[in-house]
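Scroll down for the structure; my scribbles are underneath it.
FYI, it's all coordinate maths here, none of it is from the lab. Since this is a predicted model, take the numbers as computed values, not measurements. Neighbour counts are summed over all protein chains in view; Cβ atoms, including those assigned to glycine, are modelled from backbone coordinates with ideal geometry.
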Amino acid sequence: MNNYCAFKNFKPMTYDKLNISPGLSKKAIASQINEYLDYCANVRKMSRMTMHAKESSLRFFMIESGCNDLKELTNEHFNKFVKIEINRGISARTINTRTYHIITLVKYFREIGMNIPLCIPLIMKLKELPPRRVSYTCEEIEEVLQNATEFEYLLIKLGFDTGMRISEITKLSYEQIHGRRINFIGKGTKSREVYMSMDCCQRLAKYIDAHNITSGRIWLNAWGYPMGVDTIRRTMKKAFIRCGHDDFYPHALRHSFGTDIQRRGADIMVIKEMMGHSNVATTERYLHGFEGQLQGLFDAYRI
């Protein structure tokens, strides 16, 4: 428990710097990437989530491209990186995101005067498959909950009741809970307020009491350390697989949340506010309420 107390008092950096041994030949590019990350974190004030995405993307590029110094970066290095990513089974969408971070890195160093051979116009986006979207009905969620352990129940019920993202559920802390209300900082550093059902609230209170939690993160492992996103994801998935839903992924609960409140009569502006979106266009991508119902809608309103 002393180790956990020390962990709670530890203040992490804005992002995790690349940890490259000075003896490696990639020392130059590692130093360059860290300079860029410092700029993004301390000058641009980018969020921790964005910084982790940049750090991860640039780490993979550094390792897979074979480039040791950005001053030597060519399209051959970039193409090698893309080929390795494809062979590893990385989705086109993820590769395109990582490509964006690589290009912004190159543009940063060109702005401060570095000569980099890479020809950006020759870099083409990969064709992306439509994003996977899965939505469960209230009845399907209830079936999963009936067959879930108490821990699985809490995680799934929180996601379906509130529409919280898995990262937000994972980081849920004692200080964020105020009865049924949960206050937290969401994506884009937006202040969010959501409400769980009374059943979920009561079960969560019992869980907190049973684990003697009085501050800090709610979900702790056997050693008293906060659980990570992967652990929470696997826990949720087990409950859905048990009920025959092999297509589950955590964000499906957020899709299900949006679709369910739409089916209950909420208009799109209400759904937008409840999901914490900045614009309606984002909200529209989450809604599945009219799938399979178009013939009935046309019959009712157009024929």
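In region 176-272, which trypsin sites (Lys or Arg not before Pro) are in a loop and have at most 12 other Cβ atoms within 10 Å, using DSSP for the loop call? Qualifying residues, ordered by number: Lys190, Arg264. Among the chymotrypsin sites (Phe, Trp or Tyr not before Pro) in region 210-263, those located in a DSSP loop and surrounded by at most 15 other Cβ atoms within 10 Å of their own Cβ are Trp223. Charge dipole (Cα centre; +1 on Lys/Arg Cβ, -1 on Asp/Glu Cβ; no other charges) of region 52-211 amounts to roughly 700 debye.
Rg/Rh for region 42-192 (Cα atoms only, Rh after Kirkwood) is 1.10. Here each label is just a point 7 Å from Cα along the line to Cβ, and for His211 and Val229 those points are 1.9 nm apart. Between Ser191 and Gln146, how high is the FRET efficiency from 1/(1 + (r/R0)^6) when r is the Cβ-Cβ distance and R₀ = 35 Å? Nearest 0.05. Efficiency, from the Cβ-Cβ distance: 0.50.
The three principal axes of the C-alpha atoms in region 195-241 carry coordinate ranges of 27, 27, 17 Å, sorted with the longest axis first. Of Lys127/Lys171; Lys190/Lys272; Lys80/Lys107; Lys45/Lys157, which pairs sit farther than 23 Å apart, going by alpha carbon to alpha carbon? Cα-Cα > 23 Å for Lys127/Lys171; Lys45/Lys157; rest within.
Using R0 = 51 Å, the C-beta based FRET efficiency linking Lys80 and Ala266 works out to 0.55. For Leu220, the residues whose amide H sits under 5 Å from its own are Met227, ignoring neighbours fewer than 5 places away on the same chain, with H placed 1.01 Å from N. Counting only aspartates and glutamates at least 8 places from Lys71 when in the same chain, those with an alpha carbon closer than 17 Å to its own are Glu35, Glu111.
With each label modelled as a point 7 angstrom along the Cα→C-beta vector, the Lys238-Leu126 pair spans 3.2 nm. Each Lys or Arg adds one and each Asp or Glu subtracts one; over the other residues with Cβ under 10 Å from the Cβ of Cys200, this totals +1. A DSSP coil position with no more than 14 other Cβ atoms inside 10 Å describes the following trypsin sites (Lys or Arg not before Pro) in region 61-132: Arg88, Lys125, Lys127, Arg132.
Using the Cβ-Cβ distance between Ser278 and Asp38 with R0 = 35 Å, the FRET efficiency computed as 1/(1 + (r/R0)^6) comes to roughly 0.80.
Across all Cα atoms of region 75-163, the radius of gyration (one decimal) and Dmax (whole number) stand at 21.3, 61 Å.
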